Amino acid sequence: MRLATWNVNSIRARVDRIVGFAVRESIDVLAMQEIKCKAEQFPYEAFHDAGYHVEAHGFSQWNGVAIASREPMADVAHAFPAMPGFDKGRFGPDIPPEARAIGATVGGVRVWSLYVPNGRALGDPHYDYKLEWLTALEEYTRASLAADPDLALALVGDFNIAPTDADNGDPAVVVGFSTHVSHPERAAFAALESAGLSDAVRPFVPTGFTYWDYKRLRFPRNEGMRIDFVLGSPAFTDAVAGASIHREERKGEAPSDHVPVVVDLDLAGDDDDDRPMIF
């Protein structure tokens with residue numbers, strides 16, 4: 001299985017580019033974030049024509065997540081347990097959740113496409129919401145792996161956290177003054193790892209960023225951040241045979257400000273791919 005995650009920053013603005021990448025790179029499962037459309041507005045036809053099933057979750061022109069898969073998906077969910085919502089500065093599990101999570105089981109892997117809240121600014125209610133959101137995600141992860149230690153679980157997407165200084169090359173993002181690099185955010189990321197997950201990409205790709213701001217020539221200067229991850233349980237990461245960050249997708253016409261992150265899995269029972277080529 002070849003699994004990719006990509007914050008596409010508007011699926012309708014970039015559908016040809018995204019489908020083209022998925023086909024060209026033989027992606028079996030593509031988790032997308034920030035699709036910026038309602039589920040009924042998603043450009044399903046382009047994906048279906050390329051041989052993909054799609055599950056999408058979105059409410060408006062903000063947020064939104066989706067999963068495209070060559071194989072049918074099962075047990076689709078639009079939130080994990082106790083996932084908080086946010087509305088007008090208020091947040092908590094009693095507020096309807098935003099479209100920031102979609103989970104599905106495909107090929108024996110439980111995949112979650114996640115768009116972690118940005119946080120906006122230190123001290124902002126959205127920052128506290130982000131931390132509560134991550135705490136709920138950690139609790140879900142611990143409970144899932146306690147119930148099934150052999151579960152192949154993958155939490156993938158835009159985590160809006162640079163967990164180490166090496167993951168931050170943006171001079172405008174400063175520890176003590178900025179979100180994404182604060183101690184509580186980094187501690188929340190570490191808590192996910194202590195819950196039983198590990199970074200499936202860094203063992204294969206020791207350097208590199210996944211996001212560059214559109215402003216101030218951040219991409220030509222390579223002043224980016226690594227905030228997009230594939231975090232997996234032991235049963236998942238044990239099957240990872242390779243990984244890549246597709247930096248070239250930040251170039252060209254109308255790119256997203258994020259690039260795809262890809263992992264290759266050698267799952268028990270995988271057969272040779274005899275699907276016809278699609279052009």
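Using only Cα atoms, what is the ratio of the radius of gyration of segment 145-246 to 2.2 N^0.38 Å?
The reported ratio for this selection is 1.15.
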#### Entry: For Ala82, net neighbour charge (Lys/Arg +1, Asp/Glu -1) across residues whose Cβ lies under 11 Å away
-4
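Let me check I have the definition right: for the chain, take the eigenvalues of the Cα gyration tensor, multiply each by 5, take square roots. What are those semi-axes in whole Å, largest first?
On the way: eigenvalues 135, 95, 78 Å².
Those come to 26, 22, 20 Å.
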### Task
Quote the FRET efficiency, to the nearest 0.05, computed for Thr164 versus Ile95 with a Förster distance R0 of 41 Å and r equal to the Cβ-Cβ distance.
0.80
### Task
Would you please state which residues of segment 190-222 a label at Asp238 would reach in this model, taking the label point 7 Å out along Cα→Cβ and a backbone N cut-off of under 17 Å?
196-200
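May I ask you to list, by number, the DSSP H helices of the chain whose Cα span along the axis is at least 15 Å and whose average Kyte-Doolittle hydropathy reaches 0.0 or more? Could the numbers behind the result be given before it?
Details: long enough: 11-24 (19 Å, 0.44); 125-147 (33 Å, -0.51); 183-194 (16 Å, -0.28).
For the chain, where a helix must reach 15 Å along its axis and average at least 0.0, the hits are 11-24.
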#### Entry: Efficiency of FRET from Cβ geometry, Ala82 and Val175, R₀ 41 Å, rounded to 0.05
0.90
### Paramagnetic label zone (point 7 Å from Cα along Cα-to-C-beta, Glu253; backbone N under 13 Å) in segment 201-234
none
### For Phe209, solvent-accessible area (1.4 Å; no DNA, RNA or ligand), Å²
30 Å²
### Query
Among Gly108, Gly58, Gly89, which one moves the most in a GNM of the chain with springs linking Cα atoms closer than 10 Å?
Gly89
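Which FRET efficiency value, to the nearest 0.05, is calculated for Asn118 and Ala268 with the Förster distance at 30 angstrom and r the Cβ-Cβ distance?
Working: r = 38 Å, r/R0 = 1.27.
In this case the efficiency is close to 0.20.
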### Task
Compare His48, His183, His246 by solvent-accessible area with a 1.4 Å probe and give them largest first, with all protein chains kept in place.
His183, His48, His246
### Message
Considering only C-alpha atoms, what is the centroid distance from segment 171-216 to segment 135-151, in Å?
### Response
21 Å
#### Entry: Electrostatic dipole magnitude of the chain [Cβ: Lys, Arg +1; Asp, Glu -1; Cα centre; debye, to 20]
1100 debye
### Query
Among Val262, Val156, Val76, which one moves the most in a GNM of the chain with springs linking Cα atoms closer than 10 Å?
Val76
### Summary
Links exceeding 25 Å between C-alpha atoms in this model, out of Lys88/Lys215; Lys130/Lys251; Lys38/Lys130; Lys88/Lys251; Lys38/Lys251, come to Lys88/Lys215; Lys130/Lys251; Lys88/Lys251; Lys38/Lys251
### Query
What number, in percent, do you get for the relative contact order of segment 1-90 if the mean sequence gap of Cα pairs under 8 Å and at least 6 apart is divided by its residue count?
26 percent
### Message
At 1.4 Å probe radius, can you tell me the per residue accessible area of segment 140-234 in Å²?
### Response
41 Å²
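The values are calculated or read from the model by the stated rules, or taken from the named source; none is laboratory data. This one's a predicted model, so the numbers in the text were calculated from it and none came from an experiment. Virtual Cβ from ideal backbone geometry, glycine too; neighbours counted across all protein chains shown. Surface areas here come from the heavy atoms of the whole protein model, side chains and all, with no ligands, DNA or RNA. Shrake-Rupley method; radii C 1.70, N 1.55, O 1.52, S 1.80 Å.
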